[in-house]
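Take a look at the structure below.
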Ligand code: G
Ligand code: G
Ligand code: MN
Ligand code: NA
């Protein structure tokens, strides 16, 4: 497969980049953290979206190496900005790979970063298959100091059920709910209930895909804690983090 070998080469030759999208406080005035997002600028094809190459990396197993590389990069950013939490996406394949907890703990140690600054974003898919094993891994991650965020919350089959069985620190409400805010419907009621539930369990609640200021107002009204989306910033290369933090103007 062309893509798989190209991807291997890109990783070896450091053609992949990690970009960072800010997570804002509720009125969008302050950067609370950054989410690391993979970018691949292919010499011939131009920008290849992660939605295209991550499934391939998962099929070939390259996702383990790729995920560890992203974490290593993210640790360097974490060390440079100790006031920010840095979120890293974890594929279900990486999550289940042998020695996952030990391997990522070792990466954080060798990069001299603080695991408490690192937030691992997992999806329901991670928790689904063998829930007993998943619980052992989650417990291990938390014991190692990592924080856990449940990504794309609300899109799976039984998000609420997982919430009661797995100790997480944050839920990230999927952007489909935030987009529904504009069409009225029941989105407001759903988001308000998720926030209430999250807070009752002591969790931070983040909204993803915030694109308009009317969505921001509705999310503030609902009691959300953090916002992420194009209204504030798309994912940016690491050399633009400093100006992002100092500008104080995150709109557009
Ligand atoms: O950045 P973008 O919105 O195009 O990302 C699309 C999808 O790719 C998202 O679901 C995102 O979580 C995933 N993704 C981006 N970067 C990474 C990464 O470093 N590791 C994993 N496992 N998924 C990623
Ligand atoms: O699944 P995950 O939440 O990791 O996906 C993050 C993806 O969402 C990234 O590909 C990122 O580029 C994208 N994204 C971030 N902010 C917005 C937004 O405001 N609107 C839309 N449509 N996508 C967004
Ligand atoms: Mn994510
Ligand atoms: Na998401």
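Here's the yes/no breakdown for (1) within 16 Å of ligand 3 (Cβ to nearest atom); (2) surrounded by fewer than 21 Cβ atoms within 10 Å (Cβ to Cβ); (3) on the phi > 0 side of the Ramachandran plot:
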residue: 22; (1), (2), (3): yes, no, no
residue: 27; (1), (2), (3): no, yes, no
residue: 51; (1), (2), (3): yes, yes, no
residue: 56; (1), (2), (3): no, yes, no
residue: 65; (1), (2), (3): no, yes, no
residue: 79; (1), (2), (3): no, yes, no
residue: 86; (1), (2), (3): yes, no, no
residue: 91; (1), (2), (3): yes, yes, no
residue: 107; (1), (2), (3): no, yes, no
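Looking across segment 143-156, just one residue is farther than 17 Å from residue 92 by Cα and not in a loop (DSSP other than H, G, I, E, B), and that is 143. Close contacts from segment 217-230, counting a first residue that is under 14 Å from residue 181 (Cβ atoms) and a second that is within 16 Å of ligand 1 (Cβ to nearest atom), with Cβ to Cβ under 6 Å and a gap of 6+ residues or different chains, come to 219/207; 224/207; 227/207; 227/210; 229/209; 229/210; 229/211. Scanning segment 117-130 for residues that are farther than 16 Å from residue 23 by Cβ and either away from ligand 4 (no atom under 16 Å from the Cβ) or more than 18 Å from the chain's Cα centre (by Cα) (or both) turns up 128, 129, 130. Quick one: in segment 36-56, of everything that is near ligand 1 (Cβ under 8 Å from one of its atoms) and touching a strand residue (DSSP E or B) at 6+ places or on another chain (Cβ under 9 Å), which residue is modelled with the lowest pLDDT? Checking each candidate, the answer is 49. Among the residues of segment 157-213, count how many are in a loop (DSSP other than H, G, I, E, B) and over 17 Å from residue 138 (Cβ atoms). Residues in segment 157-213 being in a loop (DSSP other than H, G, I, E, B) and over 17 Å from residue 138 (Cβ atoms): 10 in total.
Yes or no, residue by residue, for (1) surrounded by 13 or more Cβ atoms within 10 Å (Cβ to Cβ); (2) more than 16 Å from ligand 2 (Cβ to nearest atom); (3) at pLDDT 95 or above; (4) farther than 19 Å from residue 202 by Cα:
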site: 129; (1), (2), (3), (4): no, yes, no, yes
site: 132; (1), (2), (3), (4): no, yes, no, yes
site: 138; (1), (2), (3), (4): yes, yes, yes, no
site: 146; (1), (2), (3), (4): yes, yes, yes, no
site: 149; (1), (2), (3), (4): yes, no, yes, no
site: 163; (1), (2), (3), (4): yes, yes, no, no
site: 173; (1), (2), (3), (4): yes, no, yes, no
site: 184; (1), (2), (3), (4): no, yes, no, yes
site: 188; (1), (2), (3), (4): yes, yes, no, yes
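The listed residues are 188, 204, and the only one of them that is in contact (Cβ under 8 Å) with a residue 24 or more places away in the chain and more than 22 Å from residue 127 (Cα to Cα) turns out to be 188.
Taking the options 71, 66, 37, name whichever one is touching a helix residue (DSSP H, G or I) at 6+ places or on another chain (Cβ under 8 Å), in contact (Cβ under 8 Å) with a residue 24 or more places away in the chain and within 16 Å of ligand 4 (Cβ to nearest atom). Answer to the check: 37.
The values are calculated or read from the model by the stated rules, or taken from the named source; none is laboratory data. The shown structure was predicted, so the numbers you read here are calculated from the model rather than taken from an experiment. As a convention, Cβ positions derive from the backbone with ideal geometry for all residues, glycine included, and neighbour counts pool all protein chains shown.
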